[in-house]
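The values are calculated or read from the model by the stated rules, or taken from the named source; none is laboratory data. Just so you know, these numbers come straight off a predicted model, no measurement behind them. Cβ: placed from backbone, ideal geometry, glycine included. Neighbour counts: every protein chain shown. Note: accessible area is taken over every heavy atom of the protein model, side chains too, but ligands, DNA and RNA are not part of it. Shrake-Rupley method; radii C 1.70, N 1.55, O 1.52, S 1.80 Å.
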Amino acid sequence: MGCGFERTSIRLIAQRAGVTESMVYRHFTSKAELFRATAAAPLVEFMNDFATTLGADTRQTPTDVTFRFVSGLYDLCATNRQILASLAAGAGENELIADHSPLAPCIHALMDGVHRYMAASGTAATSDIRDAVRLSLALVLGAALGGDTLFPTAGSDRDIKAALTRFVLFGAGYTPADTANKP
């Protein structure tokens, strides 16, 4: 379709699918719900799965956990660049940044998971978790979308993921547990 989320209508989706508009509305109450159930589903599933496993293995360091998140999200997004392009095309529109956006459930799940992980591991963040999660997602999504252009000679995907991990972890205000309460 190439129009982005905001500029793609249910009518156009129905036409391309070869069904009536009312048929689409019979199964989905809104465009956001349709998007969530189709295009964003792999992203939402990854976020929910990751969030529920945060803190499951207490032997993993925050760097290990963050690398697992960055690596999984980067790979998923690099494989599904069309989904990212669709999200990016409407990035300036209100629906994509509001609590009812197609990505809102995974953002909330990830924030809850981060809170659980910090409580279980005794770690702390110096910044707002909501902002940290949103900015971390934006960083990894943007890097995956523009990977070939942004990192033409950066080395392997693992090098890119390691650099993203450091930036996400320390940019989010990560503080090791033994220094979290020191002046």
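To the nearest 10 Å², what's residue 121's accessible area with a 1.4 Å probe?
Rounded to the nearest 10, the figure is 50 Å².
Using a 1.4 angstrom probe and counting only protein chains, how large is the accessible area of residue 112 in Å², to 10?
90
So, with +1 on the Cβ of K and R and -1 on the Cβ of D and E, and no other charges, what is the size of the charge dipole of the range 1-78 about its Cα centre, to the nearest 20 debye?
360
Taking the full set of protein chains and a 1.4 angstrom probe, give the accessible area of residue 123 in square angstrom, rounded to the nearest 10.
Ignoring ligands and nucleic acids, residue 123 comes out at about 20 Å².
Over 5 Å intervals from 0, what percent of Cα-Cα pairs in the range 1-80 sits in each interval?
Histogram of Cα-Cα distances, whole percents per bin: 3, 13, 19, 17, 12, 11, 10, 7, 5, 3, 0.
Quote to one decimal, in nm, the extra length available between residue 128 and residue 116 on full extension: 0.36 nm per residue of separation minus the C-alpha distance between them.
2.8 nm
Using 0.36 nm per residue, how much length does the chain from residue 27 to residue 75 gain when fully extended, once their Cα-Cα distance is taken away?
14.3 nm
Going by amide H atoms built from the backbone, whose H comes under 5 Å of the H on residue 124, apart from near neighbours?
Result for residue 124 returns 175.
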